[in-house]
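This report concerns only the one structure given below.
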Amino acid sequence: MIRIKFGAGGSQEIKKVCNVCKKAVIQDLQVEDILVKKPSDIKVFDKDGNEITRTKLPDDLVNSVCEDCK
């Protein structure tokens with residue numbers, strides 16, 4: 001599961017969180033980790049210059065389980 005928290009001044013936190021306990025933070029993420037692209041002529045690139053072509057989130061971001069809940 002992905003949790004996004006918006007703070008004052010435009011700050012944001014994006015975290016991969018356990019789907020079972022909904023508390024354990026598995027990984028800190030960046031916007032480019034969760035970015036998906038709709039079919040269009042627009043090209044989207046990550047910070048390393050690689051084109052982002054995925055059209056849905058990877059399963060490991062959608063279904064995440066921490067070590068304690070396995």
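The values are calculated or read from the model by the stated rules, or taken from the named source; none is laboratory data. Given the structure is predicted, the values throughout are model-derived calculations rather than measurements. Note that each Cβ is placed from the backbone with ideal geometry, even for glycine, and that neighbours are counted across all protein chains shown.
Considering region 10-30, and only residues there that are surrounded by 12 or more Cβ atoms within 10 Å (Cβ to Cβ) and of a type in the set (Lys, Arg), the residue that is nearest to Asp68 (Cα to Cα) turns out to be Lys16. Restricting Asp33, Asp68 to those that are touching a residue at least 24 places away in the same chain (Cβ under 8 Å), over 15 Å from the mean Cα position of the chain (by Cα) and surrounded by 10 or more Cβ atoms within 10 Å (Cβ to Cβ) reduces the list to Asp68. Of the residues in region 7-30, how many are modelled with pLDDT of 95 or more, among the hydrophobic types (A, V, I, L, M, F, W, C) and more than 11 Å from Leu61 (Cα to Cα)? Count: 5. Taken residue by residue, region 47-57 has at least one member that is β-branched (Val, Ile, Thr), in contact with a helix residue (DSSP H, G or I) (Cβ under 8 Å, 6 or more places away or on another chain) and surrounded by 12 or more Cβ atoms within 10 Å (Cβ to Cβ). The residues on offer are Val44, Val65, Val31, Val17, and the sole one that is of a type outside the set (Lys, Arg) and touching a Ser or Thr at 6+ places or on another chain (Cβ under 7 Å) is Val17.
Among what's in region 36-46 and is exposed (fewer than 14 other Cβ atoms within 10 Å of the Cβ) and of a type in the set (D, E, K, R), pick the residue that is nearest to the chain's Cα centre (by Cα). Across region 36-46, the extreme among qualifying residues is Asp46.
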